[in-house]
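Report on the structure given below.
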Amino acid sequence: MAADSLEMRLYEMDDPQSQTCREILDRVSMIRRESRRCGEITARLLDFSRGDKGAKANTDLSELVREVLAMVKHLGKFSDRMVEFDCDKAVTAEVSAAQIKQVILNLVANGLQATHTGGRVIIRLQEQVDNIVLAVTDDGCGMDSTTLQHIFDPFFTTRDAGQGTGLGLSITHRIIEDHGGTVTPLSDGLNRGSTFQVRLPRRQRRVNAA
């Protein structure tokens, strides 16, 4: 609010287009932008610490993937990448739809950010007797052994400063664990692409009351 007020005062000055005013406005804009980013990080930290598991119900995971792709296609910065998903049947599991949708979005966004112009992200869903396997594969920058070891650590990121909080994959890992599943990162090394393989039980375990 203080930055907003300062910006308005600067615009009301006699010469808001002067070099000095423009420099101050640039810095005020930076304060506002970084304050919002800090707020977003705090909100994610609170979500992470609460660990709200949410209600679980029989859900079509293929429909969740399609909903995520419908959102991602509007992101202009990824318009030069290709996302492939070929599944024309319902693949159901007992999950929290909102949380698993967040997982899919995190993994697809991670794959897109790992690629460059002309890159490709492939999403696969496989049904097993007791499990569903979701795999998100990209042909991007890949991961070395250190990255594979720490990829789910909170705040760990290989992106440039200011380009990521390092919480997306940590939240993904926690959500999958809360569902009794696993998420495994795979890569043959730098510049050789990556795969995140999620394994979810089709039915949640029931805890009998004492």
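The values are calculated or read from the model by the stated rules, or taken from the named source; none is laboratory data. Just so it is clear, the structure is predicted and the values come from calculations on it, not from any experiment. Positions of Cβ are generated from backbone atoms using ideal geometry, with glycine treated the same way; all protein chains shown enter the neighbour counts. Side chains included, ligands, DNA and RNA excluded: accessible areas come from the protein's heavy atoms. Shrake-Rupley method; radii C 1.70, N 1.55, O 1.52, S 1.80 Å.
When the dipole is taken about the Cα centre of segment 24-144, and only Lys, Arg (+1) and Asp, Glu (-1) are charged at their Cβ, what size is it in debye, to the nearest 20?
It comes to approximately 680 debye.
Rolling a 1.4 angstrom probe over the protein chains, ignoring ligands and nucleic acids, what is the accessible area of Met71 in square angstrom, nearest 10?
Counting only protein heavy atoms, the figure is 90 Å².
From the list [x] 46; [y] 50; [z] 58, can you say which value of percent of Cα pairs over 26 Å apart was derived from the structure given?
Read-out taken from this structure: [x].
Among Val133, Phe156, Ile31, pick out the residue whose Cα is farthest towards the positive end of the charge dipole of the chain, where Lys and Arg carry +1 and Asp and Glu carry -1 on C-beta, about the Cα centre.
About the Cα centre, the residue reaching furthest to the positive side is Val133.
Explain nothing, just the number: dipole magnitude of the chain about its Cα centre with +1 on each Lys and Arg Cβ and -1 on each Asp and Glu Cβ, in debye rounded to the nearest 20.
With Lys and Arg at +1 and Asp and Glu at -1, about 640 debye.
Pairs on different chains or at least eight residues apart, Cα atoms closer than 25 Å: how many lysine pairs in the chain fit?
7
Just add up the charged neighbours of Ala97: K/R +1, D/E -1, any other residue whose Cβ is under 10 Å from the Cβ of Ala97.
-1
Leaving ligands, DNA and RNA out of it, report the carbon-plus-sulfur percent of the accessible area of the chain at a 1.4 Å probe.
Carbon-and-sulfur percentage of accessible area, whole number: 50.
Would you rank Leu148, Leu186 by solvent-accessible area, highest first, keeping every protein chain in place and using a 1.4 Å probe?
From most exposed to least exposed: Leu186, Leu148.
Write out the chymotrypsin sites (Phe, Trp or Tyr not before Pro) in segment 95-161 meeting two conditions: DSSP loop, and at most 13 other Cβ atoms within 10 Å of their Cβ.
Phe155
On a 1.4 Å probe surface of the protein chains, which of Lys56, Lys77 comes out largest in accessible area, and what is the full order? Intermediate values should be presented prior to the final figure.
Working: Lys56 55, Lys77 140 Å².
The ordering from most to least exposed comes out as Lys77, Lys56.
When ligands, DNA and RNA are left out and all protein chains stay put, how many square angstrom of accessible area per residue does segment 27-158 have with a 1.4 Å probe?
That works out to 58 Å² for each residue.
Quick one: among Glu94, Glu177, Glu40, which has the greatest mean-square fluctuation in a GNM of the chain with alpha-carbon springs under 10 angstrom?
Judging by the Gaussian network model, the answer is Glu40.
Between Arg66 and Arg37, what length in nm is gained on full extension when 0.36 nm per residue of separation is reduced by their alpha carbon distance?
Answer, rounded to one decimal: 7.6 nm.
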